[in-house]
Amino acid sequence: MQKSLKYLTIALERSKDLLVLKKIFSIVALILCSVISMQAHSAPIEHLNKGQIIVTDQSNFTQNKAGKRAFQQVVVKLSGDVAVLENLQVKRSATNFEQYLVASTFIQDGDKLLYQAEFNEQKIVDLLRTENLNVWGKRRPAGLLWLVIEDDISKKKSLVTQSSSSQYLETIDQVAYDRGVALIMPIGDLTDSMNITALDVWGLFSSSIFNKSIRYGTNYVIGARVGIVFDDFSAGEKLQLSYFITNGQTIKTNEIVGDDVTTLIAEFVNEYATYLATLYSVESNETGQIYSVTLNIANVDTLVKYRRVREILSSLAVTQNVDLIAQSKDVASFILTSNVPVQRLKTILKLEQYLKEPDYQRLDSTVIIDYEWRGN
């Protein structure tokens with residue numbers, strides 16, 4: 001009897017240990033998700049000079065055709081505007097894409113054969129500027145997409161998440177890659193299911209969804225629903241995608257009508273990318289005037305921080321020049337010259353997660369901007 005009790009005690013202790021381990025693993029997973037989400041904030045898109053096209057074979061004819069399409073894909077990424085493909089010089093350059101080509105290869109991705117080409121990014125940017133076309137820098141806003149799809153028969157509403165086996169995830173990833181935007185899907189874990197439901201997204205409750213998506217740390221939160229709606233004009237039914245895009249301060253809404261869900265989702269991602277480009281890309285005709293502003297950045301108390309801050313400021317697509325003019329204790333003062341007005345520069349700098357603008361407003365904020373460095 002004592003032996004049985006001994007084994008029972010050991011079993012109970014092991015059971016408790018397992019429960020403790022499970023709790024620890026859950027906490028670790030949550031911490032990792034939080035870390036990942038904080039890193040999901042705006043970051044440089046590194047594949048802007050790469051085009052990727054699905055092909056059927058590796059013949060010279062296919063390679064030339066895919067090379068042209070890959071070039072067009074990169075041009076759209078770097079400008080943010082599909083309309084640039086109508087420019088005469090861009091059309092000529094696409095036909096002679098080899099003059100911009102750095103390397104190309106074929107990649108087998110599961111059952112798909114891909115042609116991947118890398119182009120000289122600076123040459124394409126120079127082409128865009130010569131033609132007075134928009135240029136969009138590498139650092140771009142990150143967006144979180146809450147997408148719910150209603151079954152047209154059962155009317156069941158289902159969320160598309162990273163943990164779901166939705167066929168539409170590939171479409172979202174591909175179009176986001178084609179347009180050079182960072183668009184992530186919710187993890188779909190317990191925290192998500194407790195915070196936001198399919199009905200919340202279906203109702204497009206923008207404020208609630210934005211506030212409950214803070215864990216992901218993205219610049220924008222998007223809610224979209226796809227389903228059959230009644231059209232008063234035609235007195236019939238139509239498939240419609242309705243969405244909102246918000247950063248907590250501004251909101252954009254729209255509806256897209258189409259024939260199938262995949263096409264609607266692809267069109268939406270394209271609209272989203274175009275919307276961001278209107279906010280963050282730089283018009284070449286803006287480059288005719290040079291603007292100068294002083295940036296006072298606090299908490300820059302090491303050489304590593306100084307180098308990181310200078311690297312970020314120098315990497316902005318709008319930056320002409322950046323110089324350190326003073327260092328007082330932990331405040332580094334830079335003069336930054338750019339080809340956009342100060343207010344536009346401030347919009348672009350908001351994408352930098354380690355640069356925090358104070359709540360107060362300076363009287364001379366058109367020539368001096370204060371920031372605090374929040375990085376290592």
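The values are calculated or read from the model by the stated rules, or taken from the named source; none is laboratory data. These figures come from a predicted structure and were not determined experimentally. Don't worry about glycine lacking a Cβ; one is built from the backbone with ideal geometry, like all the others, and counts go over all protein chains shown.
Data for the structure
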| item | result |
| --- | --- |
| Hits in region 313-351 - residues which are assigned to a loop (DSSP other than H, G, I, E, B) and over 15 Å from Ala298 (Cα atoms) | Leu316, Ala317, Val318, Asn339, Val340, Pro341, Lys350, Leu351 |
| Pick from region 86-110, criterion within 27 Å of the chain's Cα centre (by Cα) and charged (D, E, K, R), ranking: farthest from Leu349 (Cα to Cα) | Asp109 |
| Residue in region 97-114 that is farthest from Leu85 (Cα to Cα), counting only those that are among the aliphatic types (A, V, I, L, M) and surrounded by 14 or more Cβ atoms within 10 Å (Cβ to Cβ) | Leu113 |
| Flag for Val148 being within 30 Å of Ser207 (Cα to Cα), under 22 Å from the mean Cα position of the chain (by Cα) and crowded, with 22+ Cβ neighbours inside 10 Å | yes |
| Which listed residue, of Gly203, Gly258, is within 18 Å of Gln167 (Cβ to Cβ), in contact with a Lys or Arg (Cβ under 9 Å, 6 or more places away or on another chain) and surrounded by 14 or more Cβ atoms within 10 Å (Cβ to Cβ) | Gly258 |
| Search result, residues across region 96-148 that are without any contact (Cβ under 8 Å) to a residue 40 or more places away in the chain, in contact with a helix residue (DSSP H, G or I) (Cβ under 8 Å, 6 or more places away or on another chain) and either in a strand (DSSP E or B) or of a type in the set (Gly, Ala, Ser) (or both) | Leu101 |
| Conditions (1) charged (D, E, K, R); (2) buried (at least 18 other Cβ atoms within 10 Å of the Cβ); (3) at pLDDT below 85; number of the one not met by Lys305 | (3) |
| Which numbered condition Pro186 misses (of (1) out of contact with any Asp or Glu (no Cβ under 8 Å at 6 or more places or on another chain); (2) on the phi < 0 side of the Ramachandran plot; (3) at pLDDT 95 or above) | (1) |
| Residue ID - modelled with the highest pLDDT, chosen from residues in region 347-376 that are over 21 Å from Pro141 (Cβ atoms) and among the hydrophobic types (A, V, I, L, M, F, W, C) | Ile368 |
| Qualifying positions in region 167-196 - more than 24 Å from Leu78 (Cα to Cα), among the small types (Gly, Ala, Ser) and in contact (Cβ under 8 Å) with a residue 12 or more places away in the chain | Gly188 |
| Those residues of region 208-241 which are among the polar types (S, T, N, Q), under 20 Å from the mean Cα position of the chain (by Cα) and outside any loop (DSSP other than H, G, I, E, B), in sequence order | Asn211 |
